[in-house]
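Single-structure report; data block below.
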Amino acid sequence: MAKGPLQRFRVVDLTRVWAGPLATRIIADLGAEVIKVEYRGDRGPAYIPTAAALPGVYPDGDPGEQPYNRQGSFNKLNRNKQSLVLDLQSEEGKAVFKRLVAISDVVIENFSARVMGGFGLSYAELRKINPSLIMVSMPGFGVVGPRRDYIAFGANLEPAVGLPAVMGYDRNELRWTTNAITDAMVGTQAAMVVLGALWRRSETGQGHFIDFSHQEAGIGMLGEYFLGYQLDGREPGPVGNRHPINAPNGCYRCAGDDEWVFLSVRDDDEFAKLCDVVGHPEWALDTRFSCRAARRQNQSLLDTQIEEWTAARAKHAVMQSLQAVGIPAGAVLKSCELVSDPHLAERRFFVPLDHPVAGRFPYPGLPVRMADEGLESWTGAPLLGQHNHEVLEDLLGFSRLEVDELQSAGVIADKPEH
Amino acid sequence: MRVLELGEHVGAAYCGKSLARWGAEVIKVEPPEGDLARGFGPFKDGQPHAETSALYLYLNGGKKSITLNLEGSAGTALFDGLADRCDVVICNLGRGVVEGLNLSDYARRHPEKVVVSITPFGLTGPYSHFEGTVGVALAMGGYMHIMGDPDREPLSMPGWYPDYQAGAYAGVGILAAWLGRDTHPAGSILDVSTMEVICSLHQYTTVQYTHGGVVRKRRGNRFDGLYPVTMLPCKDGWLGMCINNVGFWERFCLMVGRPELVDDPRLQSPSQRYLYADEVDELIGPALRERSAAELFAEGQEVWRLPVGSVMGISELLGDRHLEERGFWQEVEHPEAGSLRYPSAPFLLDGSRFAERRAPLLGEHNQEVYGTLLGLSQEEQARLRQMGAI
């Protein structure tokens, strides 16, 4: 497991899919002991895409004999964590869970709103066992409110936070990110909430229940739009790749197949330099481009000729030429270019991790870099139920015999149901 | 926790705002002419004004504002005095400022404190001197290539997503270091690179390549591989949907009045339906274009138990009943901007919201911070003002 400043905290993690596991991954990367409490079917197609659904997600496209231990996005999200498989429908399973909660700091779950209560494991019950427990429930639309029972995935949450209303090529062609962006927005913010609550508890000793909403987390990263509307009364809409201040601003085609560069010109100085670099010094004297407002108005007059220059060049060369004179420019990197990017490579951003069933792969690291990152202590994602014995015997004090009985009764498991 | 925030625009500001909500005292250092965010519209009544910028008002609730010119020896001396009295320093002003203020030395001498830098590419590496913007971060982080339509330029994101996420990660780093400061004193700058932030936040893109050699491509509104996971036009808006299993597909066909599609042999699984995505659009599109997106959202969820969601606009969300009942929008008064509804933090703590507070006026807390905290006399403050240091 990772070593780090959160070493003394224990988190019981019931979350599935992306948002929740991302939050607990961040916390695990920082050294907390994160115990995933999984149901034996949790790593099946209901939550984890199959090879057919998502090409490339298994090593060499092969699910193997234990697909539940080989899936790339699961393994990416769940490094540095432990796996305990419990049947929470059974009385014995609930009893084990409660013993774990008694010695833990945080319980975090993203079931739909009524599930934990249905298990008899609501906050009201758990706080009796552990009064200083921090419990976070994070269904898509929150625990209370008219939409509390709505089903939420990225594709139907993203429209509900206001983003696609302001994203697209023009006002008639709305787009969403297709990257379940609200999950990413939630992962970081939920991690912050867990740590904020632990900070507060360190001063008061009190536990807390947190009703966390994905919809609100998404709105929170677009907050200025909601104040803007109230201030000037204008309903915002998509503007393609244009920018309210910078111009020219956008994507320009480069040499090769589907190769692009993105550039932003923020002020008159940068514009003058752009004119020189692309071989049009006369633009700097042209009144149509003499200030930011004029450039925004007339950007389309520049785009074609800028693209004539970029289209003849490789995107990295364009990026370097523009950055050399201080103009923000970035090559639009494809996924195959991230792992080999020289900047990320020198910074060792991708972390190679071994896994007994999946093999060794580079995974995106934690983008909060410290002098002592303890990366050598990082572990790959746990196998299903890998830590059943360790948690039950070493942590909770069950005897070997008791653990074997729980295994026979199906209360714990290390294989999915058939 | 007392935080010194050296920031412009979004990254450091969002981090500071988040910490202020949890009770930190956040002192926001602005240049004498104000944070650049103050010049970023929309503004009240469409008139540019340093105190009515939507971006500034949103990002800086609950903080104290002081003015400080960091260039020159007077400025750096004041910074040193302030930093000595703070527990946390957040900076997103760039590598030059980090080095000019000697922040790594400060972090080393004060391992019990936390220092965070947010920059477009981080403090080390071949691109660490590069300039960055939202679009550049999305391009270099691998998001942009997979957004937008296949046969035209990729699409950036509106707003400031990469900077918000960098600020969120910075906040996590600060809280983690703070919680562990007795056993794991930091002793060095926490270096947040916005490019790495984006790289760390992909759903499937990176693993599809590292594990299977598959390069994910952009497909417009279609989720690559499963269908219908997409956004489609309705009579008066758009509907997002995640119809990714058997039960959902059946009920969706019934909702749109196309029951015969349930047993269509071409359309039995989401990956099969993806192969026939054009046909699926033709079969369900007309029915959707006859219905209101908002009605389909409610009916789809409440009657048919389907993961659908209408594209909700900015003013629509401001008036949304669900958010209203959750107490999400808070009315906050500001001397120049007036009374506005602000988003709350995205959670209820024991059933309650943290009270949102207003953003400060420029230099509003100069007297409190320079006079009371640093103990400078009125004469000294006047002299510093005259030389342009504050």
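The values are calculated or read from the model by the stated rules, or taken from the named source; none is laboratory data. Small disclaimer: the values here were computed from a predicted structure and weren't measured. Cβ: placed from backbone, ideal geometry, glycine included. Neighbour counts: every protein chain shown.
The table below lists the values:
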| item | result |
| --- | --- |
| Qualifying residue in the range A:273-285 (condition: in contact (Cβ under 8 Å) with a residue 40 or more places away in the chain, touching a Lys or Arg at 6+ places or on another chain (Cβ under 8 Å) and within 25 Å of B:F40 (Cβ to Cβ)) | no |
| Candidate set from the range A:161-184 (those that are modelled with pLDDT of 95 or more and in contact with a His (Cβ under 9 Å, 6 or more places away or on another chain)); member that is farthest from the other protein chains (Cβ to nearest Cβ) | A:T182 |
| Residue that is crowded, with 19+ Cβ neighbours inside 10 Å, away from every other protein chain (no Cβ under 11 Å) and on the phi < 0 side of the Ramachandran plot, where the choices are B:L306, B:L283, B:L267 | B:L267 |
| Matching option when the condition is away from chain A (no Cβ under 14 Å) and in a loop (DSSP other than H, G, I, E, B), among B:A345, B:A355 | B:A355 |
| Condition met for B:R321 (more than 8 Å from chain A (Cβ to nearest Cβ), more than 29 Å from B:Q47 (Cβ to Cβ), basic (K, R) and surrounded by fewer than 23 Cβ atoms within 10 Å (Cβ to Cβ)) | no |
| Qualifying residue in the range A:93-113 (condition: crowded, with 16+ Cβ neighbours inside 10 Å, within 25 Å of the chain's Cα centre (by Cα) and without any contact (Cβ under 8 Å) to a residue 24 or more places away in the chain) | no |
| Those residues of the range B:285-312 which are outside any helix (DSSP H, G or I) and either in contact (Cβ under 8 Å) with a residue 60 or more places away in the chain or charged (D, E, K, R) (or both), in sequence order | B:E290, B:R291, B:R305, B:L306, B:P307, B:V308, B:G309, B:S310, B:V311 |
| Residue identified as in contact (Cβ under 8 Å) with a residue 24 or more places away in the chain and crowded, with 24+ Cβ neighbours inside 10 Å among B:G135, B:G159, B:G148 | B:G148 |
| A:K81 more than 9 Å from chain B (Cβ to nearest Cβ), crowded, with 24+ Cβ neighbours inside 10 Å and either farther than 30 Å from B:E324 by Cβ or among the basic types (K, R) (or both) | yes |
| Given (1) buried (at least 20 other Cβ atoms within 10 Å of the Cβ); (2) within 12 Å of chain A (Cβ to nearest Cβ); (3) under 20 Å from the mean Cα position of the chain (by Cα); (4) aliphatic (A, V, I, L, M), number of the condition B:V115 does not satisfy | (3) |
| Residue in the range B:55-75 that is modelled with the lowest pLDDT, counting only those that are assigned to a helix (DSSP H, G or I) and surrounded by fewer than 18 Cβ atoms within 10 Å (Cβ to Cβ) | B:S73 |
| Where A:W199 falls short, out of the listed (1) more than 7 Å from every other protein chain (Cβ to nearest Cβ); (2) over 20 Å from the mean Cα position of the chain (by Cα) | (1) |
| Any hit, the range B:184-191, residues being within 7 Å of chain A (Cβ to nearest Cβ), surrounded by fewer than 24 Cβ atoms within 10 Å (Cβ to Cβ) and among the small types (G, A, S) | yes |
| Entirely in the range B:179-284, the helices (runs of 4 or more DSSP H) that have 2 or more residues that are modelled with pLDDT of 95 or more, in contact with a Phe, Trp or Tyr (Cβ under 9 Å, 6 or more places away or on another chain) and not hydrophobic (A, V, I, L, M, F, W, C) | B:194-199, B:205-212 |
| Of all residues in the range B:343-390 being β-branched (V, I, T) and more than 20 Å from B:L19 (Cα to Cα), the one that is surrounded by the most Cβ atoms within 10 Å (Cβ to Cβ) | B:I390 |
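So that you can scan it fast, the table gives a plain yes or no per residue for (1) over 15 Å from A:A165 (Cβ atoms); (2) under 25 Å from the mean Cα position of the chain (by Cα); (3) facing chain B (nearest Cβ under 7 Å); (4) of a type in the set (D, E):
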site	(1), (2), (3), (4)
A:G220	yes, yes, yes, no
A:Y225	no, yes, yes, no
A:G228	no, no, yes, no
A:L231	yes, no, yes, no
A:H243	yes, no, no, no
A:C254	yes, no, no, no
A:D257	yes, no, no, yes
